[in-house]
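Just so it is clear, none of the values below were taken in a lab; they were calculated from the coordinates. Since the model is a prediction, treat every value here as computed from it, not as a measurement. Here Cβ is always computed from backbone atoms with ideal geometry, including for glycine, and neighbour counts include all displayed protein chains.
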Amino acid sequence: MTRDLALLPKGHLHLHFEASMRPATLRDIASEADEPVPSWSDFADFSDFEAAYGDVLRLIRRPDQLERIMTELADDAKADGVVYVEATLAPVLHQHLFGGDAEAVLDFLLAAAKREEERTGVVIRAMLASARSGPVELAVEDARLAARYAGRGVVSYGLHSDERGFPAAPFVEAFDVARTAGLLITPHAGELVGPASVREAVEVLHADRILHGVRVIEDPDLTAEVARLGVCLDVCPSSNVVLHVVPDLDHHPLPALLAAGVTCSINADDPIQFGPNVLEEYELCRDRLGLTDEQLAGCARASITASGAPEDVKTRALAGIDAWLAS
């Protein structure tokens with residue numbers, strides 16, 4: 001007999017809000033917009049993926065559609081055994097629905113998250129993220145917005161989009177603003193660019209967590225340093241395969257990272273485009289990568305301890321993980 005991974009309490013720390021959308025919801029909003037349903041079987045590269053994400057975003061045309069996504073995010077999280085979600089939000093993507101007011105977007109989404117928490121018991125907090133391919137000044141504005149909502153639903157600040165040709169160092173001011181407000185520092189790095197990107201996240205941005213980060217394995221010394229510092233990598237195995245970061249799941253470096261002592265969480269990233277939800281990612285890590293229940297429980301612990309979850313949520317979740325492993 002094997003333990004039921006749906007019963008393992010877990011956090012979901014690398015989930016882009018819009019991409020948590022169910023396929024049925026995508027079909028519905030496409031129908032409402034009288035547009036074809038976006039489809040994809042593969043992405044030639046990251047630019048192709050970003051263009052496809054834009055196709056999804058353009059179909060979201062009313063605030064109630066955002067509410068539906070939040071409701072289904074909470075329901076799906078509960079079904080997967082997720083007790084805490086740290087969803088990546090970018091208010092700039094939807095401020096056109098709210099008269100250009102980014103605070104109004106954030107107020108709306110955080111209120112929806114609170115309602116779903118009360119309904120389902122799944123605790124939902126926000127990571128605000130800026131595009132590293134965008135202006136530094138806009139990122140500083142995003143960080144200031146995140147800072148104003150520290151303690152009011154926003155717990156972390158990140159940097160996403162294409163790493164190639166867009167280093168993180170110019171965004172130091174934005175991360176300083178976020179850190180001063182007590183937010184976790186959670187940039188994407190080590191996905192499209194190798195260890196140099198991870199080193200920049202660690203040494204320049206002083207990251208608490210790194211979203212992806214898997215290419216650090218190419219530098220054993222840096223891998224050891226990341227392990228020593230306890231920086232958590234929010235790993236998304238299926239995403240790495242679909243976007244050609246690794247050739248296939250069997251060659252994913254997660255087992256090697258864990259063997260090197262690196263703290264890792266397991267996540268789905270963009271389920272609407274990559275397929276698996278977070279429970280399925282755990283199952284793939286067991287069945288294809290050969291992770292033991294002890295290793296999977298360790299990843300679940302990392303998803304709680306490295307998160308911005310309230311302390312009482314962490315305490316309950318960690319006790320639940322211990323109980324799962326003891327079962």
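From least to most packed, judged by other beta carbons within 10 angstrom and beginning with the fewest, S133, S265, S239 follow the order S133, S239, S265. Remark: W40, W324 ranked as W40, W324, counting other beta-carbon atoms within 10 Å and listing the fewest first. Ranked by how many other Cβ atoms sit within 10 Å of their own Cβ, fewest first, the residues H212, H188, H160 fall in the order H160, H188, H212. Taking every alpha-carbon pair in the range 63-182 and binning the separations at 10 Å intervals from zero gives 14, 42, 33, 12, 0 percent. Whole-Hz Karplus values for the range 169-175 come out as 3, x, 9, 4, 4, 4, 5 Hz, taken residue by residue from phi with 6.51 cos²θ - 1.76 cosθ + 1.60 and θ = phi - 60°; glycine and proline positions read x. The 3J(HN,Hα) values that the Karplus relation (6.51, -1.76, 1.60; θ = phi - 60°) gives for the range 12-29 are, in residue order, 10, 9, 10, 9, 7, 3, 4, 7, 7, 4, 6, x, 5, 5, 4, 5, 5, 6 Hz. Gly and Pro appear as x. Rounded to the nearest 5, the antiparallel percentage of DSSP beta bridges internal to the range 5-326 is 0%. By the rule of a C-alpha distance below 18 Å, with chain neighbours fewer than 8 residues away ignored, the aspartates and glutamates paired with K314 are D80, E86, E117, E118, D208, D234, D322.
So, in Å, what gap is there between the alpha-carbon centers of the range 28-73 and the range 198-244? A separation of 28 Å, based on Cα centres. Positive contributions from Lys and Arg (+1) and negative ones from Asp and Glu (-1), summed over other residues with Cβ under 11 Å from the Cβ of L249, come out at -3.
Out of these labelled values of volume of the Cα convex hull per residue in Å³, [x] 215; [y] 141; [z] 124, which was calculated from the coordinates shown here? Matching entry in [x] 215; [y] 141; [z] 124: [z].
Local charge for I124 was computed over the other residues whose Cβ lies under 9 Å away, with Lys and Arg +1 and Asp and Glu -1, and equals -1.
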